[in-house]
Amino acid sequence: MNWLKTRLAAAQATDIVFLAYVTFSGVLFAAFGWKFSPGIWIGLTLAHIAMVALGLWLAGQPLRYPSLAGFVRDAYPILLVVFLYWELRYLALLFGSGYNDPLILRLEEVIFGEQLAMTFSQRLPYLWLSELMHSFYALYWILLPMALFALYFRGKAEGFRELVYVETIVFFGCYLAFIFFPVQGPHYEFPVISGPLADGFFYKMVHWVLADGGSKGAAFPSSHVAVAVAILLVTWRHDRVVFAVMAPLVIGLTIGTVYGRFHYGMDATSGVLAGVILFAIALYLRGFLERFSGSGPAAPVGNSPGSPAV
């Protein structure tokens with residue numbers, strides 16, 4: 001018990017958010033995972049126990065900047081979101097009898113007057129544009145790491161840690177929406193883009209990755225867009241150079257998610273709103289979470305951007 005109290009007392013706001021989400025989703029698997037095969041039920045429950053233990057251990061480690069150990073200690077929630085995203089394919093099936101695409105499709109018609117995910121590429125069927133849009137979509141897999149590394153190596157430790165914290169809130173806020181309001185998205189509802197556009201390199205690469213890399217039910221709001229918008233909001237606060245590099249990529253990504261039929265227009269629009277709202281919530285909650293743990297503001301301990309690694 002003293003070990004647990006010591007870890008929680010040293011925990012930063014990011015650690016508290018990570019532990020809260022992983023514990024909550026782990027309890028869901030433990031309590032309701034019997035709906036799946038025994039291997040999935042037991043395996044995912046044990047995986048969450050392991051992640052909680054890892055999070056508690058890392059929460060007790062000192063903040064070290066710059067160092068590899070310090071980077072892992074700060075960024076581990078982002079390193080684990082890939083697995084937590086993958087398991088949404090199971091979480092999204094726990095509480096509903098199906099997906100909510102019919103409702104989103106009706107809203108799409110009401111707000112936009114058409115199904116943008118279908119009509120966008122049909123109206124602009126140019127190979128060069130398709131390749132550009134698919135390359136922007138593919139950037140999602142490296143956009144956040146690019147921003148994190150840029151802030152880290154430009155000596156913006158505070159901005160780096162804030163980006164990790166904000167994105168942890170954004171990811172898990174979107175994941176909770178996916179669990180209780182699953183939407184498949186046009187990638188599963190509509191036919192994929194075909195014809196000459198399907199011959200493009202980036203088109204083939206993206207669809208190859210999505211063949212087993214996507215999670216059904218994780219479309220609304222678009223976490224791709226929400227995460228990208230949060231990058232802009234944090235980098236605007238801490239490093240305008242990084243912001244200027246990220247801005248055109250984020251705009252292209254937002255458009256590309258709809259052009260490539262990966263998200264409805266409603267998904268992308270709600271993703272922008274989710275990014276802004278969750279960013280504001282993250283900043284509002286940070287002080288409370290730090291007081292809860294007793295750690296105080298996250299500041300480099302014994303090391304500044306110019307000091308040697310610890």
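Against the chain, whose longest principal axis is taken from its Cα atoms, helix 101-112 shows a tilt of about 70°. When the surface is traced with a 1.4 Å probe over the full set of protein chains, residue 258 keeps roughly 10 Å² accessible. Extension gain, residue 153 to residue 244: 0.36 nm times the residue separation minus the Cα-Cα distance gives 31.1 nm. Length gained on full extension, residue 146 to residue 57: 29.4 nm, using 0.36 nm per residue less the C-alpha separation. Multiplying the residue separation of residue 277 and residue 83 by 0.36 nm and removing their Cα-Cα distance gives an extension gain of 67.4 nm. On a 0 to 90 degree scale, rounded to 10, what angle separates helix 201-213 from the longest Cα axis of the chain? With rounding to tens, the tilt is 60 degrees. Loop-located GluC sites (Glu not before Pro) in the stretch 83-159 (DSSP state not H, G, I, E or B) with no more than 10 neighbouring Cβ atoms inside 10 Å do not occur. Across the options 225, 178, 281, the greatest Cα extent toward the positive end of the charge dipole of the stretch 178-294 (unit charges at beta carbon of Lys, Arg, Asp, Glu) belongs to 281. Here the stretch 1-157 has 74 percent of its accessible surface on carbon and sulfur atoms, given a 1.4 Å probe and all protein chains in place.
Seen against the Cα atoms of the chain and their longest principal axis, helix 38-59 is set at about 50 degrees.
The values are calculated or read from the model by the stated rules, or taken from the named source; none is laboratory data. Only a predicted model underlies this, so the values are computations on that prediction, with no experimental measurement involved. Glycine also receives a Cβ, built like all others from the backbone with ideal geometry; neighbour counts cover every protein chain displayed. Surface areas here come from the heavy atoms of the whole protein model, side chains and all, with no ligands, DNA or RNA. Shrake-Rupley method; radii C 1.70, N 1.55, O 1.52, S 1.80 Å.
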